[in-house]
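Participant: Pasting a structure below so you can have a look.
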Amino acid sequence: MGNRGDRGSSSLEFAGMLPLLLLVAVVAIQLGIVGYAVQQAGTGARAAARTASQEDIADSYEATGRAAMSGWTASRSSFALAGGGEEVTVTTTVTIPSIVPGISDFGGAARSATMPRD
């Protein structure tokens with residue numbers, strides 16, 4: 001027979017590693033959220049700049065940018081219009097949410113897009 005003193009040791013080792021595994025999982029999920037927020041900021045900026053470059057509908061650039069983004073990123077976004085003359089630049093900033101208790105957000109992800117005026 002095996003050594004009876006080793007019974008349950010694997011359960012104890014797993015219980016000791018569980019907090020580390022959970023921490024790694026939370027970090028991986030948070031990094032995924034950050035990446036998604038950055039991607040959505042770029043999508044919103046491109047759509048908003050495309051609309052802002054057209055004289056007849058330029059005032060609706062912010063609504064167009066939000067419509068191109070997913071719901072939870074659109075509600076956390078802000079748009080800034082710049083440029084003049086030949087081109088227009090829109091910068092979209094998305095506040096990055098946190099899944100870590102006690103931390104409200106991880107700042108903002110900003111992306112800009114420039115389009116020639118029509």
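The values are calculated or read from the model by the stated rules, or taken from the named source; none is laboratory data. Just so it is clear, the model here is predicted, and its values are computed rather than measured. Using ideal geometry, Cβ is built from the backbone for each residue, glycine included, and neighbour counts are taken over all protein chains shown.
Participant: Could you tell me whether S9 is without any contact (Cβ under 8 Å) to a residue 24 or more places away in the chain, within 17 Å of T91 (Cα to Cα), loosely packed, with under 14 Cβ neighbours inside 10 Å and out of contact with any Lys or Arg (no Cβ under 6 Å at 6 or more places or on another chain)?
Facilitator: No: the conditions fail for S9.
Participant: Answer with yes or no whether G32 is modelled with pLDDT of 95 or more, in a helix (DSSP H, G or I) and exposed (fewer than 15 other Cβ atoms within 10 Å of the Cβ).
Facilitator: Criteria met by G32.
Participant: Here is a list: A48, A15. Which entry is assigned to a helix (DSSP H, G or I) and at pLDDT 90 or above?
Facilitator: A48
Participant: Can you tell me which residues in the stretch 51-73 are over 23 Å from E87 (Cβ atoms), in contact with a helix residue (DSSP H, G or I) (Cβ under 7 Å, 6 or more places away or on another chain) and part of a helix (DSSP H, G or I)?
Facilitator: The answer is T73, and nothing else.
Participant: So which residues in the stretch 51-69 are at pLDDT below 95 and surrounded by fewer than 19 Cβ atoms within 10 Å (Cβ to Cβ), if there are any at all?
Facilitator: Q54, E55, D56, I57, A58, D59, S60
Participant: Mind checking which residues of the stretch 77-100 are outside any strand (DSSP E or B) and more than 18 Å from the chain's Cα centre (by Cα)?
Facilitator: Across the stretch 77-100, the qualifying residues are G83, G84, G85, E86.
Participant: For the subset of the stretch 70-88 comprising residues that are surrounded by 18 or more Cβ atoms within 10 Å (Cβ to Cβ) and either of a type in the set (S, T, N, Q) or in contact with a His (Cβ under 8 Å, 6 or more places away or on another chain) (or both), which member is modelled with the highest pLDDT?
Facilitator: S77
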